[in-house]
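Okay, structure first, notes after.
The values are calculated or read from the model by the stated rules, or taken from the named source; none is laboratory data. A quick note: this is a predicted structure, and the numbers were derived from the prediction, not measured. Because the Cβ atoms are built from the backbone with ideal geometry, glycine has one as well, and the counts that use them run over all protein chains shown.
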Amino acid sequence: MRPRKRILLYAFGAVERGSMAHVLTVRGYRVFPASCAEGALEALASGGPFDGAVVLHWHPKDGALAFMRKLHTLRSRLPVLFVGSPGGSLLAPWFTPVIFLEASTPNAEILESLRIVTQRKRGPKKLPGAAEGLVV
């Protein structure tokens, strides 16, 4: 059995946090929910081996930029799925690897995006029979 991926879930609202935690748990993720930015950043700073983060933030102007800066400072390579209002995409130029989805995105699309960003990268694939070292 493969180990479950560990996901940090930050959502201010209890209903949204509980709902998304349930969806992720049912799909096989190990979820660590945080109700405040300080709790989420503390979990990251403590060195927990997270495979990714899901941030449910409906108002990106209310501290989202500061939170994302701190998150990026602590773990610059942590894949983050930011689900919120369309204004969240304004954060894109500063943070990678981050995927921005609108708040109305269905759970199935959120799960598929999370699966994609948390995949382990094993380097470029070599073409079969390519002695010259060509890569795809």
#### Entry: Single condition Phe32 does not satisfy, out of (1) without any contact (Cβ under 8 Å) to a residue 40 or more places away in the chain; (2) within 20 Å of Arg75 (Cβ to Cβ); (3) not in a strand (DSSP E or B)
(3)
### Residues (closer than 21 Å to Ala14 by Cβ and out of contact with any helix residue (DSSP H, G or I) (no Cβ under 8 Å at 6 or more places or on another chain)) located in segment 30-53
Arg30, Cys36, Glu38, Gly39, Glu42, Ala43
### Task
Keeping to segment 1-29, report how many residues are closer than 16 Å to Ser113 by Cα, within 14 Å of the chain's Cα centre (by Cα) and not in a helix (DSSP H, G or I).
6
### Query
Scanning segment 94-103 for residues that are within 24 Å of Arg77 (Cβ to Cβ), surrounded by fewer than 14 Cβ atoms within 10 Å (Cβ to Cβ) and not polar (S, T, N, Q), which turns out modelled with the highest pLDDT?
Pro97
### Summary
In the set Pro3, Pro106, Pro79, Pro33, the lone residue that is loosely packed, with under 12 Cβ neighbours inside 10 Å and modelled with pLDDT of 85 or more is Pro106
### Query
Do you know which residues across segment 40-60 are outside any loop (DSSP other than H, G, I, E, B) and in contact with a Phe, Trp or Tyr (Cβ under 8 Å, 6 or more places away or on another chain)?
Ala40, Leu41, Ala43, Leu44, Ala53, Val54, Val55, Leu56, His57
